[in-house]
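See below for the structure under consideration.
The values are calculated or read from the model by the stated rules, or taken from the named source; none is laboratory data. Everything quoted here is computed from the prediction, not taken from an experiment. Virtual Cβ from ideal backbone geometry, glycine too; neighbours counted across all protein chains shown. Ligands, DNA and RNA are excluded from the accessible area calculation, which covers all protein heavy atoms including side chains. Shrake-Rupley method; radii C 1.70, N 1.55, O 1.52, S 1.80 Å.
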Amino acid sequence: MIRLVCRVLQAAILVGAAVAGAPAIASTNATGIWIDHTGRGAVEIKQCGKNLCGNVVWLEDSANAEACGLQVLGNVKPVARNRWDNGWIFDPDEDAKYDVEITVLRDGKLKILGYAGTKWFSETMFWTRAPADLKLCKA
C-alpha cells in the first residue's frame, strides 16, 4: 500500500513539473497570413509581445491600396489553448473598432468573433489560411 502511494505521488510530481514547464497558454498557430471572410483582403497575424496583432498584407482590389499595412488587430491576449480574447479588431468598411475573440478551429480555419462589450451582440466570421504564393502588397 505504501509503495502504491509513493508511486502515485511520484507520478503527480512528474505531471506537475511537466505542466509547470509547459509553454504559454495558447499556441502560436493563429499566426500567419489569413484571407478574411470577404475574400477581399488578407491579414498577417503575428506575436506582438505576449499578445497577437495583425496588419493588412494583401488586397484583392488595388484601388484600396491605401489600406495596405493598416493595423486591424491589436492586443489580443491568450486565454486558453488556441483561443485569444480581449483585444480589438478594426472594420475598415464600418470605420469602427470592436472587441475580438480569435479561435483556431480543428479544420484549420480561424473563427473571428467580433463583439461590442458583450458576446450576446456579436458577429462570427471565418478566415482561411492564405496560399504560400499570395502576392503581398507594399505598405
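Figures for the structure shown
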{"quantity": "Hits in region 15-37 - residues which are at pLDDT 95 or above and more than 14 Å from the chain's Cα centre (by Cα)", "calculated": "H37"}
{"quantity": "Subset of region 65-89 [open to solvent by less than 50 Å² (accessible area, probe 1.4 Å) and assigned to a strand (DSSP E or B)]", "calculated": "V72, L73, G74, V76, P78, A80, W84, D85, G87, I89"}
{"quantity": "From K77, K109, K135, residue being under 11 Å from the mean Cα position of the chain (by Cα), within 16 Å of G32 (Cα to Cα) and of a type in the set (D, E, K, R)", "calculated": "K109"}
{"quantity": "Region 90-124: number of residues that are part of a loop (DSSP other than H, G, I, E, B), open to solvent by 60 Å² or more (accessible area, probe 1.4 Å) and without any contact (Cβ under 8 Å) to a residue 24 or more places away in the chain", "calculated": "7"}
{"quantity": "Residue in region 125-132 that is part of a strand (DSSP E or B), surrounded by 13 or more Cβ atoms within 10 Å (Cβ to Cβ), out of contact with any Asp or Glu (no Cβ under 8 Å at 6 or more places or on another chain) and not β-branched (V, I, T) present", "calculated": "yes"}
